[in-house]
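Single-structure report; data block below.
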Amino acid sequence: MPKKKQSELSGKEYVLAPQPRVQRKADSSEGDYYPTPPWALLALLAVEGFQGTVWEPACGEGYLSLTLRSRGMKVHSSDLFDRGYGTAGVDFTSYGQYAARGEKLVDNLITNPPYLEDLPAQFMKIGHSITRNKVALLMRLAVLEGQDRYHDVYTKIPPSRVWIFSRRLTMIKNRVIHPGDKVPEGEKKKAGTVAYAWFIWDHNSPDTKRFDFIPPAVCNKVMSESRAITQLVESRRERRASLRIAA
């Protein structure tokens, strides 16, 4: 029988997700898990300020949440799946009911949303409605394209700013790698071939559709800090694995 737990946030019972395994094809039963290298968020924090609390609703193993906490920010972390960090069993799309009523639930929302189906659009719309200050979503630059997304999202709530990475990010399934790291054989063809950007919705700024760049020097400056946070997450993962083996 699958193990079940009760979410502290929603009160609903949920089935623990299987542990991540390395595979290329997206598997909706395990979620779309491409963890974010901490340097991607550290670089954003160098050019974009955030005031107040933050919700990370697709926290995975905690890469972004721990990065925010390392900068002294108060973070609530959740995920639909149980990857060993934050409150599991929380379906962010279910918060559309609060968005429909215009209820503001948090100051800021910062996450790398899943790309299955058109979840980015749902994260944009719900996030914009339930935040008081800012929404920051790390997405492929290609998310700017698409007629449906244009009519459904961008004509109604265009982003305030789009921060484009001058230094390419490489994100692979189930693990984090940094520039200079050895890329797994199955990932080499796609490594560094996708352009990413931070999409920002700022409720307190007159900016609309402003495009800017995160300079390579900003990214390079935070690599050591990023590696330290990555090592912390990986050590936590190893401890969880050893506990499962012992059990």
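Residue-wise test of (1) buried (at least 18 other Cβ atoms within 10 Å of the Cβ); (2) small (Gly, Ala, Ser).
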{"site": "Asp202", "(1), (2)": "yes, no"}
{"site": "Val218", "(1), (2)": "yes, no"}
{"site": "Val222", "(1), (2)": "yes, no"}
{"site": "Arg227", "(1), (2)": "no, no"}
{"site": "Gln231", "(1), (2)": "no, no"}
{"site": "Glu234", "(1), (2)": "no, no"}
{"site": "Ser242", "(1), (2)": "no, yes"}
Looking only at the stretch 195-221, which residues are in contact with a Pro (Cβ under 9 Å, 6 or more places away or on another chain) and β-branched (Val, Ile, Thr)? Ile200, Thr208
By residue number, the members of the stretch 51-95 that are aromatic (Phe, Trp, Tyr) and under 16 Å from Ile130 (Cα atoms) are Trp55, Phe92, Tyr95
Among Ala121, Ala136, which is the only one that is more than 21 Å from Leu66 (Cα to Cα) and surrounded by 17 or more Cβ atoms within 10 Å (Cβ to Cβ)? Ala121
Subset of the stretch 48-85, residues among the β-branched types (Val, Ile, Thr) and touching a Lys or Arg at 6+ places or on another chain (Cβ under 9 Å), comes to Thr53, Val54, Val75
Qualifying positions in the stretch 114-130 - modelled with pLDDT under 95 and in contact with a strand residue (DSSP E or B) (Cβ under 7 Å, 6 or more places away or on another chain): Pro114, Pro120
From the list Arg149, Arg161, which one is surrounded by 16 or more Cβ atoms within 10 Å (Cβ to Cβ), of a type in the set (D, E, K, R) and either more than 20 Å from the chain's Cα centre (by Cα) or closer than 25 Å to Arg69 by Cα (or both)? Arg161
Where residues in the stretch 177-200 are β-branched (Val, Ile, Thr) and either surrounded by fewer than 15 Cβ atoms within 10 Å (Cβ to Cβ) or modelled with pLDDT under 90 (or both), which of them is nearest to Leu232 (Cα to Cα)? Val183
Residue that is modelled with the highest pLDDT [pool: residues in the stretch 16-67 that are over 21 Å from Leu119 (Cα atoms) and of a type in the set (D, E, K, R)]: Glu48
Anything in the stretch 149-180 that is touching an Asp or Glu at 6+ places or on another chain (Cβ under 7 Å) and charged (D, E, K, R)? List them, or say none. Arg161
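The values are calculated or read from the model by the stated rules, or taken from the named source; none is laboratory data. All values reported here derive from a predicted model rather than from experimental measurement. Cβ atoms come from the backbone with ideal geometry, glycine included; neighbour counts cover every protein chain shown.
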